[in-house]
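One structure is given here, and the rest of the page talks about it.
The values are calculated or read from the model by the stated rules, or taken from the named source; none is laboratory data. On a predicted model such as this, the values are computed, not experimentally measured, just so you know. Methodologically, a virtual Cβ is constructed for each residue, glycine included, from the backbone with ideal geometry; neighbour enumeration extends over all protein chains shown. Only protein heavy atoms, including side chains, enter the accessible area calculation; ligands, DNA and RNA are left aside. Shrake-Rupley method; radii C 1.70, N 1.55, O 1.52, S 1.80 Å.
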Amino acid sequence: MIQAASAIINGKAVSGDGPEVALLNPTTEEKLTGFAEAGADLVDQAAQAARAAFRDGRWRNKSVEERQKVLRRIADALEARTDELAEIETSNTGIPITQTRGRHVGRAAHNFRFFADYIGQTAGQLYDQAPEHLTFVRRQPVGVAALIAPWNAPIALGSMKIAAAIAFGNSCVMKPSEIAPLSIQRIVEIIHEAGLPEGVVNLVNGRGATTGDALVRHPETNVVSFTGGTVTGRTILATAGSLLKPGVMELGGKSANIIFDSADYERALDGALLGIFTNNGQQCLAGSRILVQKSIADRFIEEFVARAQRLKIGSPFDTSTNLGPVITANQRDRVLGFVDIATAGGGKLLTGGRKAPGFEKGYFVEPTVVLAADPRAKVCQEEIFGPFATILTFETPDEAFAIANDSSFGLVSYVWTEDHYLALRAQEELEAGVVWINTPMMRELRAPFSGWKDSGVGAQSGRDCEAFYTNQKTVTMSRHPLNLPKLGK
Ligand code: NDP
């Protein structure tokens, strides 16, 4: 296991003198490692290092081809260390190794390759309608990006932020979640081993309210990219806004997964289980509100519950495990606290709702399924962020869309139907930034990933990241010597 650092500044691990933060293995509850929190002074050093790297042009002034080469080397280096990174991520988060090794590390490498390809194809604008002038619009990097990542998929989400920020020539300071910073720390080390100049990517470790807040407020950070909870996102965007720093916010969700009776039944059942139980249920895009049409509801619910009961709970290092522990004891208690909330709101517990039996150690939660009575009930409205599915039934498509949209969130929606006219209507009606039709989860990096309503502000995609991480510059030139009025002559 790697030793946690307080910070990585100019490519070197640095120790802080803030309070000790211990990192626990959620499977064994044992201490993995710990670090002294980076306080305002280390945040300052990291931001100044990023600014110095930006100012002297050691990265932004490299040709696009040179930057592409480094980004692709980073991707190759991440892939070459798939086992190591997956093991770190699984130890720190409890996400099954089949998922960290199978998808998360590959996604991190893909993020760097995607942006390497993207920057080879960008173009500016030219306006030549004015007879005397030519005007062109170009984009230049914004400077230093403050990047703040959550704990639920650090490798995949943190690497996306770093890749997007540096591809366009920026420098950055990354703050991972204080609970799960180890994989991102290792990625930052690997980035340097792959040849990125020092100072371009810096890292600070610490709690959100201290280290994160200092980073958002630091005068040398120009933009803030945040992924995390809606409450935190509001605080960060308010701070950034007061300093006139643009922010992109990817926040929480309570996504509807609508199963029509015209669905390919087996596939919809598979998709519904994957939608809620992947990543131990800790996903912003979880299909956590399952809406089933009444004509198939009895059979669907019975089979969904039976399959949920058969999920293999266990060590996330065991390749046959479907469900590992949730991230912390607090998170376990919060998730289980929704059982009483659900029943108090008229819901019926169909399975689960307890600490998983047979585990003396580890924050294991049984796969939990609740049949809710009222779409307005708290269990249907709040993000639970664990292996906890809430089921509702509906009669008609209009009713399904109304229930789906009756939420403060609008991150993603899932639709299962073989009736393509109904699918087209669904994507029209649903209030969400992403609609997945007959597929559980497909992240197309070329297309925007953006939350509507309380699920976010701004978007991430090739084009959206280009817009976010660059400033526009309009340049106008005269086409020939102008006859200017000679004032004072
Ligand atoms: P939090 O909002 O608690 O924290 C996210 C990050 O922000 C952490 O690094 C945290 O640090 C930091 N932070 C907290 N307070 C501040 C502050 N005042 N200033 C600066 N930084 C701060 O989210 P979680 O880590 O609990 O992640 C789970 C949430 O993330 C869920 O709501 C989930 O839906 C959402 N999410 C959204 C995604 C999306 O793309 N829309 C994707 C994945 C998750 P620390 O941990 O040290 O407190």
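Determine whether residue 39 is touching a Gly at 6+ places or on another chain (Cβ under 6 Å), open to solvent by 20 Å² or more (accessible area, probe 1.4 Å), at pLDDT 95 or above and under 23 Å from residue 6 (Cα atoms).
Yes; evaluated as a whole, the condition is true for this residue.
Which of the residues belonging to segment 340-363 are within 22 Å of residue 284 (Cβ to Cβ) and free of Cβ contacts under 8 Å to residues at least 60 places away in the same chain?
Once the filter is applied, which keeps residues that are within 22 Å of residue 284 (Cβ to Cβ) and free of Cβ contacts under 8 Å to residues at least 60 places away in the same chain, segment 340-363 yields 341, 342, 352.
Residue by residue through segment 154-174, note down the ones that are open to solvent by less than 10 Å² (accessible area, probe 1.4 Å) and not in a helix (DSSP H, G or I).
The answer is 169, 170, 171, 172, 173, 174.
Quick check on this structure: which one of 406, 398, 419, 464 is at pLDDT 95 or above and buried (at least 17 other Cβ atoms within 10 Å of the Cβ)?
Matching residue, one of 406, 398, 419, 464: 464.
Can you work out which of the residues in segment 125-139 that are in contact (Cβ under 8 Å) with a residue 24 or more places away in the chain and within 35 Å of the chain's Cα centre (by Cα) is least open to solvent (accessible area, probe 1.4 Å)?
137
If the Cβ limit is 9 Å and pairs must be 6+ apart or interchain, which residue in segment 461-489 that is closer than 12 Å to residue 118 by Cβ pairs with which residue that is acidic (Asp, Glu)?
As it stands, the answer is 461/444; 462/117, since those pairs meet every condition given.
Filter segment 195-210 down to the residues that are more than 7 Å from the ligand (Cβ to nearest atom) and open to solvent by less than 10 Å² (accessible area, probe 1.4 Å) and list them by number.
196, 199, 200, 201, 202, 203, 204, 205
Residues that are within 18 Å of residue 256 (Cβ to Cβ) and either open to solvent by 60 Å² or more (accessible area, probe 1.4 Å) or within 16 Å of the ligand (Cβ to nearest atom) (or both): list the strands (runs of 3 or more DSSP E) wholly contained in segment 272-391 that include at least 1 such residues.
289-293
Exactly one of these conditions fails for residue 3: (1) among the polar types (S, T, N, Q); (2) within 30 Å of residue 363 (Cβ to Cβ); (3) at pLDDT 95 or above. Give me its number.
Single failed check for residue 3: (3).
Which numbered condition in (1) in a helix (DSSP H, G or I); (2) near the ligand (Cβ under 8 Å from one of its atoms); (3) not aliphatic (A, V, I, L, M) is the only one that residue 241 fails?
Status for residue 241: all satisfied but (2).
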